[in-house]
Amino acid sequence: MLGNALDGLTVIDFTQIAAGPISTMLMADMGARVIKVEPPGGELGRGLGPGWLGDDSTLFHAFNRNKSGIALDLKTPEGVAVARRLIAEADIVVESMRPGVMDRLGLGYAQLAADHPALIYCSISAYGQTGPYADRAGVDGILQADSGLMSLIGIDGLEPCKVQSPVVDVMTGYVAVMGILAKLAQRQRDGNGGHLDVNLLNAALALQQSALAGYLADSELPVRAGSAAPYSAPNQAFRTRDGWIMVAAYMPARWRSLCRVLDVQALTDDPRFATSPLRVANRAALVGALTTVFVTRTTDEWLPVLQAADILCARVATYADVAAHPQVAANRMIAEAQHPVLGTIRMPGFPVCSAEVNDRPHRHAPACGQDTVAVLRAFGFADAEIDALADRRAI
């Protein structure tokens with residue numbers, strides 16, 4: 001079972017908000033014991049709303065399921081000492097401080113590796129651990145801008161747009177897990193851990209593999225074209241009588257089928273539309289001709305007609321549509337956790353072998369410091385030590 005794949009591994013999580021918490025949540029979903037370390041007031045992600053479940057943001061709940069939570073003041077020597085004791089028994093550390101902060105705390109990779117050579121240590125930052133931008137802070141929107149991603153999104157001539165979901169953060173979380181799993185495989189061979197440099201800039205560039213490769217090949221800047229694919233046509237959203245429908249019919253057979261279904265066969269003989277590259281070049285005329293027909297029916301009327309002709313299509317769905325989507329349900333991609341106060345919490349689930357992972361009960365995101373005493377006891381702290389740390393406000 002994939003949900004038990006990382007059983008026996010312990011992850012100490014010093015991350016906040018999105019990219020780091022996503023990476024550690026994915027490992028928790030796969031069975032790792034993840035201990036989330038927060039400052040006594042809680043991490044920044046708890047306050048990022050609107051979108052609330054109780055006192056915490058939906059963002060925090062979405063990225064922190066299946067973890068144990070402890071509150072630890074790393075500004076105190078005692079708090080740092082506790083962190084070092086936890087790390088000494090851990091397999092993996094993930095941190096998302098600005099480069100250099102963990103070193104100044106005495107918790108940097110070089111400071112830990114001498115005594116713990118098997119430790120896998122993943123640092124997540126905006127721009128990387130070295131280089132001219134290493135000291136710069138950055139969040140998802142900043143990296144959407146600085147990586148060029150925003151130059152692809154929206155309509156040419158209008159204001160820049162960003163993807164409203166934090167796609168760079170999410171991609172970075174998945175990249176971090178990919179690197180950690182690779183290090184785990186390497187450690188099985190040679191017994192050694194290592195330091196991973198994962199950053200939002202690299203992840204954002206990886207998101208743009210095809211678009212950036214096109215520019216590197218011909219130095220042509222892409223044009224922001226809304227829903228239209230820059231490399232093929234028709235491959236975009238079309239207005240219907242009551243909404244929008246996405247259609248991809250650029251392959252020769254599907255292009256002919258589309259013209260037949262729409263009863264515009266004359267377009268197949270139009271030299272402007274003879275090939276997909278020509279249709280891209282004459283996109284405005286093509287869209288005008290097709291939209292004239294699409295607006296005569298509703299989206300629900302068009303979908304079965306197009307699907308019967310093997311034309312790739314989908315409604316431009318709202319989240320209400322997604323929540324009721326029969327394939328989303330079949331894939332078990334809406335996971336649930338039971339919260340003692342809030343009741344059932346629903347969230348997007350684990351995306352690989354989703355049924356076997358998401359059909360089991362998930363643990364809700366922890367309250368700040370919820371498991372501090374239990375975790376410290378599990379790591380060998382005596383009750384007298386725990387009381388002393390609480391008296392010093394280190395926990």
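The values are calculated or read from the model by the stated rules, or taken from the named source; none is laboratory data. In this text, all values refer to a predicted model and were calculated from it rather than measured experimentally. Reconstructed Cβ throughout: ideal geometry from the backbone, glycine too, with neighbour counts over all protein chains shown. Please note that ligands, DNA and RNA were not included when accessible areas were found on the heavy atoms of the full protein model with its side chains. Shrake-Rupley method; radii C 1.70, N 1.55, O 1.52, S 1.80 Å.
For region 374-395, filtered to residues that are part of a loop (DSSP other than H, G, I, E, B) and of a type outside the set (A, V, I, L, M, F, W, C), the residue that is farthest from ARG33 (Cα to Cα) is ARG392.
For region 97-132, the tally of residues that are at positive phi and under 24 Å from the mean Cα position of the chain (by Cα) stands at 1. If I go through region 350-385 residue by residue, how many of them are closer than 19 Å to ALA28 by Cβ and free of Cβ contacts under 8 Å to residues at least 40 places away in the same chain? Total satisfying the criteria: 7. On inspection, ILE334 fails the criterion of being surrounded by 15 or more Cβ atoms within 10 Å (Cβ to Cβ), touching a residue at least 40 places away in the same chain (Cβ under 8 Å) and touching a helix residue (DSSP H, G or I) at 6+ places or on another chain (Cβ under 8 Å).
Listed by first and then second residue, the pairs with beta-carbon distance under 7 Å, at least 6 apart or on different chains, first residue in region 175-201 and at negative phi and open to solvent by less than 60 Å² (accessible area, probe 1.4 Å), second part of a helix (DSSP H, G or I) and of a type in the set (S, T, N, Q), are ALA176/SER23; VAL177/SER23; VAL198/THR172; LEU200/THR172. For region 59-70, check the following and say yes or no: at least one residue is modelled with pLDDT under 95 and surrounded by fewer than 18 Cβ atoms within 10 Å (Cβ to Cβ). No; the residues of region 59-70 include none that is modelled with pLDDT under 95 and surrounded by fewer than 18 Cβ atoms within 10 Å (Cβ to Cβ). Checked against the criterion of being closer than 16 Å to PRO366 by Cβ and crowded, with 23+ Cβ neighbours inside 10 Å, region 72-90 contains one or more residues that satisfy it. Residues in region 202-223 that are open to solvent by 80 Å² or more (accessible area, probe 1.4 Å) and either closer than 25 Å to ALA137 by Cβ or part of a strand (DSSP E or B) (or both): ASN202 alone.
If you check VAL328, VAL322, VAL316, VAL295 for being more than 29 Å from LEU262 (Cβ to Cβ) and at pLDDT 95 or above, only one passes: VAL328.
I need the full set of residues from region 357-389 which are among the β-branched types (Val, Ile, Thr) and within 25 Å of the chain's Cα centre (by Cα), in order please. Break it down into steps so the answer makes sense when it comes.
Of region 357-389, the ones among the β-branched types (Val, Ile, Thr) are 357, 372-373, 375, 386.
The answer is VAL357, and nothing else.
For region 339-395, the set of residues classified as surrounded by 19 or more Cβ atoms within 10 Å (Cβ to Cβ) and of a type in the set (S, T, N, Q) consists of SER354, ASN358, THR372, listed by residue number.
Out of GLY54, GLY31, GLY42, GLY49, report the one residue that is touching a Cys at 6+ places or on another chain (Cβ under 6 Å) and surrounded by fewer than 24 Cβ atoms within 10 Å (Cβ to Cβ). Can you show your working first?
On the way: GLY54 fails: touching a Cys at 6+ places or on another chain (Cβ under 6 Å); GLY31 fails: touching a Cys at 6+ places or on another chain (Cβ under 6 Å); GLY49 fails: touching a Cys at 6+ places or on another chain (Cβ under 6 Å).
Answer to the check: GLY42.
The residue that is nearest to ALA229 (Cα to Cα), counting only those in region 133-165 that are among the β-branched types (Val, Ile, Thr) and within 21 Å of the chain's Cα centre (by Cα), is ILE153. Highlighted here are the strands (runs of 3 or more DSSP E) found entirely within region 33-99 that include at least 3 residues which are within 27 Å of ASP387 (Cα to Cα) and of a type outside the set (A, V, I, L, M): 33-38.
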